[in-house]
Amino acid sequence: MKSRKLLMIPGPVEFTPEVLNAMGEPTTSHIAPDFIDCFGECLEMTREVFLAPSAQPFIVAGTGTFAMDMAASNLIEPGDRALVVNTGYFGDRMGDILGRYGAEVDHLRAPIGDAAGVDDLQEALDAGSYTLVSMTHVDTSTGVLTDVGALAAVAKAAGCLTVVDGVCGTAGAECRTEEWDIDVHLTASQKAVGVPPGLALLTFSPDAMAKFEGRDSPVANYYADIDNWLPIMQAYENRGGAYFGTPPVNLIYALNASLRQILAEGMDARFARHDRLARAFRAGAAAMGLEMVPRDDSLAAPTLTALYYPENIDASLCAGIGAEGVIVAAGLHAEIKEEYFRIGHMGDCNESDILSTLGAVERALAAEGHTCSTRSGVQAAQHALIGD
Ligand code: PMP
């Protein structure tokens with residue numbers, strides 16, 4: 001259908017035909033034998049995709065915010081101290097959620113476009129006695145990639161539990177949950193996991209489960225309480241049916257289809273593809289003279305790119321790009337909201353999507369009278385993709 005627009009926002013993203021077909025399968029009982037198998041396989045594949053072989057996976061109906069809520073409500077007891085490594089909008093949200101369950105929250109903030117490094121974290125940890133450190137792998141409001149491997153190692157060495165919000169990274173940006181000492185890796189379905197919105201996915205390490213089991217106070221969130229969900233996850237993985245809240249049957253079918261595709265591609269190949277496409281996209285943007293929000297390439301996410309509008313161009317550019325057939329997202333970070341826009345390139349994204357998007361940006365800029373450096377973005381991205 002020629003009038004169809006290419007969806008290049010940082011979630012939801014475009015989904016594969018196999019995933020969309022699975023959504024349309026006739027809905028069955030949540031305790032039907034094939035559904036039990038399907039759910040059980042999803043739990044097993046989640047461990048593989050998260051690279052968390054010893055972790056307990058949870059797959060629950062809810063959005064990414066619910067996944068954050070589930071991590072915080074189960075791990076925090078009133079009076080615990082939590083440190084948020086904050087790279088933007090979703091760090092603020094995590095701080096609010098941790099505070100809601102009684103944590104005393106501090107933020108380790110970096111200027112917009114930057115991220116705290118290991119020395120900054122070490123200094124903050126030396127100054128306070130925290131039980132939990134959270135960080136956002138890719139902050140969707142800035143496009144900043146946090147070095148979660150390095151930071152989690154420092155936090156863990158200081159005796160903290162580590163929580164990574166992977167909503168805009170998981171299954172796209174390299175994340176080796178177990179090897180990198182991440183106690184809770186949380187995400188949602190609608191981004192690089194490749195499934196329509198509606199699923200929260202988490203893995204809890206043995207240390208995270210131990211913290212939960214040692215609680216003195218009950219979990220203040222009934223729906224999120226692991227006591228309610230652990231028996232369900234264990235039952236499905238042991239190929240038995242169980243009920244706490246009705247699972248979203250068709251979303252689980254779709255998740256099964258997507259996790260299979262992700263594992264068929266292979267995690268290393270998938271991380272490398274996201275990295276290659278993002279580099280090509282950034283090469284194209286730079287050739288057009290567009291400046292990115294992350295301070296440099298080492299801080300630029302493989303799953304989305306945040307770009308400042310050129311001089312004399314405003315948010316109407318997004319509508320212009322839309323008119324050229326590609327849907328992109330406007331700014332989100334309150335301090336620079338009107339100054340930049342965001343392009344998601346994750347999940348089932350390919351080379352043609354990158355080139356189409358850069359082409360649409362070039363045409364939209366030209367339509368706004370900004371001819372300087374346009375018409376060079378697609379070419380630069382092609383060079384990056386071809387490797388010449
Ligand atoms: N964390 C990050 C990094 C996100 O990008 C998002 C969604 N954009 C969320 C959390 C919240 O997810 P949801 O919108 O599914 O609640």
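The values are calculated or read from the model by the stated rules, or taken from the named source; none is laboratory data. Note that the structure is predicted; figures quoted are calculated from it, not measured. Using ideal geometry, Cβ is built from the backbone for each residue, glycine included, and neighbour counts are taken over all protein chains shown.
Filter the stretch 194-219 for residues that are buried (at least 24 other Cβ atoms within 10 Å of the Cβ) and either more than 16 Å from Asp348 (Cβ to Cβ) or within 11 Å of the ligand (Cβ to nearest atom) (or both) and give the result. Passing the criteria: Leu199, Ala200, Leu201, Leu202, Thr203, Phe204, Ala208. Of all residues in the stretch 326-356, those satisfying the criterion of being farther than 25 Å from Glu174 by Cβ and assigned to a loop (DSSP other than H, G, I, E, B) are Gly331, Ala334, Glu335, Ile336.
Taken together, the residues in the stretch 161-175 that are more than 12 Å from the ligand (Cβ to nearest atom) and either under 16 Å from Gly95 (Cα atoms) or acidic (Asp, Glu) (or both) amount to 3.
Does at least one position in the stretch 196-206 carry a residue that is more than 13 Å from the chain's Cα centre (by Cα) and of a type in the set (Gly, Ala, Ser)? Yes.
Restricted to the stretch 143-160, and to residues there that are more than 16 Å from His345 (Cβ to Cβ) and among the β-branched types (Val, Ile, Thr), the residue that is farthest from the ligand (Cβ to nearest atom) is Val154. Within the stretch 117-131, none of the residues are crowded, with 19+ Cβ neighbours inside 10 Å, of a type in the set (A, V, I, L, M) and within 15 Å of the ligand (Cβ to nearest atom). Of the residues examined, Val49 is one that is more than 16 Å from the ligand (Cβ to nearest atom), assigned by TED's automatic domain parsing to the domain that holds Leu201 and under 16 Å from the mean Cα position of the chain (by Cα).
Only a single item in (1) touching a residue at least 40 places away in the same chain (Cβ under 8 Å); (2) more than 13 Å from the chain's Cα centre (by Cα); (3) within 12 Å of the ligand (Cβ to nearest atom) is not met by Asp139, and it is number (2).
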